[in-house]
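Asks: Here it is: the structure, laid out below.
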Amino acid sequence: MAPLRSLFALPNESAFDPARWSEAAFDIWQGSHLTPTALAHASERRVRALIVYAREASPFYSRLYRRLPLHGLHLRDLPPVTKSQLMKHFDDVVTQPGVTREVIEAFIADPARIGHSLLGRFSIFTSSGTTGTPGYFVHDPDALAVYDALEAQRFRGLLSPADVLRQVMEGDRYAMVAATESHFAGIATVERMRRWAPWMSGAVRALALLQPCAALVQELNLYRPTILATYPTAAEMLAEEQEAGRLRLRLREIWTGGEVLSEPTRLRVQRAFGCRVRSAYGASEFLPIAWECPHRTLHVNSDWVVLEPVDRQGRAVEPGMRSYSVLLTNLANRVQPLIRYDLGDAVTVHAERCACGSAFPAVSVAGRCDDALRLPARRGGGEVTVVPLALETVLEEGAGAHEFQIVQAADGSLTVHLGNHERSRRAPVRAALRRYFETCEVGPVDIVVSRRAPMRDAASGKLRRVVCELDR
Ligand SMILES: [Zn+2]
């Protein structure tokens, strides 16, 4: 392992490149002032350059496109790709020598490296994914500069260094409550920021969602963040704590991501904390896909990411219609090109422009729609809310299971359905859940592990991994 280890940490790995960052910031600032037609042209130019690059630098894409003409290609002419395909041919997909599956697996095996860079340059995000295939996504420094600038300017409205300074002076403290056990995009980004700018590490923190609720509440009360970023289901769980008076936060804003923010959840969380709640849409494949404007509309960063909504047969879906899935093309990242990559989310691109006047396309996402479970507390007779992303992390990281469905029936009983080829995971699944419930102070719960394969939703065809059938 020694040679691999020395590769991970080159001496300048925390170096921040101001030239690259300012270039990205200027590009994004310019993009924000384009008309819809000029935006489409900017995106087309980047698509063409990406296709030429992938064809030359990635043996996988070069094989995939070998029968296609060299010129006059449109994105829609190219075959879509899936996560399992990209993972299977990982070493042929990536365009940089030294970035191999073996190197990445060794890197992510060590949680102490979360937020560090690989080979001194690349960020790695792991994703569990709703499709059941775990994935690794490598992002190069140019792509990271683009994500950072998109996030700063379009989501946070920090348009100049003076805005950034003002925010620092205002003393904002940022807390992300998320799964922190592996190299997930959220925690990896927070840790990368802390390494790049140690002076702000006191004001940026990631807190583990997978800990007993009381411990999390205590940590948050001590840290006193002004901005909280988390999953909608976790925000709802914390809203309960705030209403009960155990959590005592005075927040300026709550940012949600990772799951769909429903209107009832938004209102409930807003009421409990008395602050604005904003959602964003992102993925390990492209961090800031869309941001929410003051009209509560998600706008796609269409100058840097292309979303193509498709039906079950992969045909384009018209604006205004909900898609079965969506193909993503990342225009910022060259190290692991993603071109017409099947992201799996159901989206609707709005036919009309948003009332805010933005030129960026408006979109609704019906991506992850897993439920939180409500289990009996070990003491005091109350209930413990267990959020879906925590359960998924427990089963994936703790039991190595990827194809599962946890169902809490109307009578409160709990069943885990494991596909047939996950049968060897039955005992580890039960043990991992027991351990986790114990840490969360959940009372004794019977866990039935069934041989029935996870069932897809009859209407959408999507696999919901955590389903709660209790009445709200
Ligand atoms: Zn808008």
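The values are calculated or read from the model by the stated rules, or taken from the named source; none is laboratory data. Owing to the predicted nature of the structure, the values given are computational and were not obtained by experimental measurement. Note: ideal-geometry Cβ built from the backbone for every residue, glycine included; neighbour counts use all protein chains shown. What goes into the accessible areas is simple: the full protein's heavy atoms, side chains included, and nothing from ligands, DNA or RNA. Shrake-Rupley method; radii C 1.70, N 1.55, O 1.52, S 1.80 Å.
Asks: Collect the residues in region 241-261 that are surrounded by fewer than 17 Cβ atoms within 10 Å (Cβ to Cβ) and either of a type in the set (Asp, Glu) or closer than 26 Å to Ala377 by Cα (or both), keeping them in residue-number order. Before the answer, list the steps.
Replies: Just the residues of region 241-261 that are surrounded by fewer than 17 Cβ atoms within 10 Å (Cβ to Cβ), to begin with: 243-246, 248, 250, 252-253.
Once the filter is applied, which keeps residues that are surrounded by fewer than 17 Cβ atoms within 10 Å (Cβ to Cβ) and either of a type in the set (Asp, Glu) or closer than 26 Å to Ala377 by Cα (or both), region 241-261 yields Glu243, Ala244, Gly245, Arg246, Arg248, Glu253.
Asks: Can you give me the number of residues within region 309-323 that are under 18 Å from Ile289 (Cα atoms) and open to solvent by less than 70 Å² (accessible area, probe 1.4 Å)?
Replies: 3
Asks: Next up: So which residues in region 92-113 are within 15 Å of Ile124 (Cβ to Cβ) and of a type outside the set (A, V, I, L, M)?
Replies: Within region 92-113, the first condition is being within 15 Å of Ile124 (Cβ to Cβ), and the residues that meet it are 93-94, 96, 98-113.
Listed by number, the residues that qualify are Gln96, Gly98, Thr100, Arg101, Glu102, Glu105, Phe107, Asp110, Pro111, Arg113.
Asks: Please enumerate the residues belonging to region 146-164 that are aliphatic (A, V, I, L, M) and open to solvent by 40 Å² or more (accessible area, probe 1.4 Å).
Replies: Once the filter is applied, which keeps residues that are aliphatic (A, V, I, L, M) and open to solvent by 40 Å² or more (accessible area, probe 1.4 Å), region 146-164 yields Leu159, Ala162, Val164.
Asks: If Val326 meets every condition in (1) surrounded by 22 or more Cβ atoms within 10 Å (Cβ to Cβ); (2) in contact with a Lys or Arg (Cβ under 8 Å, 6 or more places away or on another chain); (3) not basic (Lys, Arg) apart from one, which number is that one?
Replies: So the condition that Val326 fails would be (2).
Asks: Can you find even one residue in region 299-311 that is in contact with a strand residue (DSSP E or B) (Cβ under 9 Å, 6 or more places away or on another chain), within 16 Å of the ligand (Cβ to nearest atom) and within 21 Å of Glu263 (Cβ to Cβ)?
Replies: Checking region 299-311: at least one residue is in contact with a strand residue (DSSP E or B) (Cβ under 9 Å, 6 or more places away or on another chain), within 16 Å of the ligand (Cβ to nearest atom) and within 21 Å of Glu263 (Cβ to Cβ).
Asks: While we're looking at this one, here's another question. Hey, can you tell me all the residues within region 274-294 that are under 26 Å from Tyr136 (Cβ atoms) and more than 16 Å from the ligand (Cβ to nearest atom)?
Replies: Gly282, Ala283, Ser284, Glu285, Phe286, Leu287, listed by residue number.
Asks: Which number in (1) at pLDDT 95 or above; (2) part of a loop (DSSP other than H, G, I, E, B) marks the one condition that Leu68 misses?
Replies: Tallying (1) at pLDDT 95 or above; (2) part of a loop (DSSP other than H, G, I, E, B), Leu68 fails exactly one: (1).
Asks: Between a first residue in region 394-423 that is surrounded by 17 or more Cβ atoms within 10 Å (Cβ to Cβ) and a second residue that is assigned to a strand (DSSP E or B) and aromatic (Phe, Trp, Tyr), which pairs have beta carbons less than 7 Å apart while being 6 or more apart in sequence or on different chains?
Replies: Pairs that qualify, where the first residue is surrounded by 17 or more Cβ atoms within 10 Å (Cβ to Cβ) and the partner is assigned to a strand (DSSP E or B) and aromatic (Phe, Trp, Tyr), are Leu395/Phe404; Val416/Phe404; His417/Phe404; Leu418/Phe404; Glu422/Phe404.
Asks: I'd like to check something: does region 451-459 contain any residue that is touching a residue at least 40 places away in the same chain (Cβ under 8 Å) and surrounded by 15 or more Cβ atoms within 10 Å (Cβ to Cβ)?
Replies: Restricting attention to region 451-459, the residues satisfying the condition of being touching a residue at least 40 places away in the same chain (Cβ under 8 Å) are 453-455.
Filter once more, so that each one left must be surrounded by 15 or more Cβ atoms within 10 Å (Cβ to Cβ): 453-454.
Yes; the residues of region 451-459 include at least one that is touching a residue at least 40 places away in the same chain (Cβ under 8 Å) and surrounded by 15 or more Cβ atoms within 10 Å (Cβ to Cβ).
Asks: Sticking with this structure for a sec: Which residue is nearest to Leu433 (Cα to Cα), if the candidates are limited to region 369-386 and must be open to solvent by 50 Å² or more (accessible area, probe 1.4 Å) and outside any strand (DSSP E or B)? Reasoning before the result, please.
Replies: Taking region 369-386 first, the residues open to solvent by 50 Å² or more (accessible area, probe 1.4 Å) are 369, 374, 376, 378-381, 383.
Filter again for outside any strand (DSSP E or B), leaving 369, 378-381.
Details: Cys369: 21, Arg378: 15, Arg379: 19, Gly380: 21, Gly381: 21 Å.
If we take residues in region 369-386 being open to solvent by 50 Å² or more (accessible area, probe 1.4 Å) and outside any strand (DSSP E or B), then Arg378 is nearest to Leu433 (Cα to Cα).
Asks: Now a separate question. Taking the stated definitions as given, is Asp371 more than 16 Å from the ligand (Cβ to nearest atom), within 19 Å of the chain's Cα centre (by Cα) and farther than 21 Å from Ser284 by Cα?
Replies: Details: more than 16 Å from the ligand (Cβ to nearest atom): yes; within 19 Å of the chain's Cα centre (by Cα): yes; farther than 21 Å from Ser284 by Cα: yes.
For Asp371, the condition - more than 16 Å from the ligand (Cβ to nearest atom), within 19 Å of the chain's Cα centre (by Cα) and farther than 21 Å from Ser284 by Cα - is met.
Asks: Of the numbered conditions (1) basic (Lys, Arg); (2) within 27 Å of Phe125 (Cα to Cα); (3) open to solvent by less than 20 Å² (accessible area, probe 1.4 Å), Arg334 satisfies every one except a single condition; which is it?
Replies: All conditions are met except number (3).
Asks: Which condition breaks for Ala366 when tested against (1) closer than 20 Å to His299 by Cα; (2) buried (at least 21 other Cβ atoms within 10 Å of the Cβ); (3) hydrophobic (A, V, I, L, M, F, W, C); (4) more than 16 Å from the ligand (Cβ to nearest atom)?
Replies: For Ala366, the exception is condition (2).
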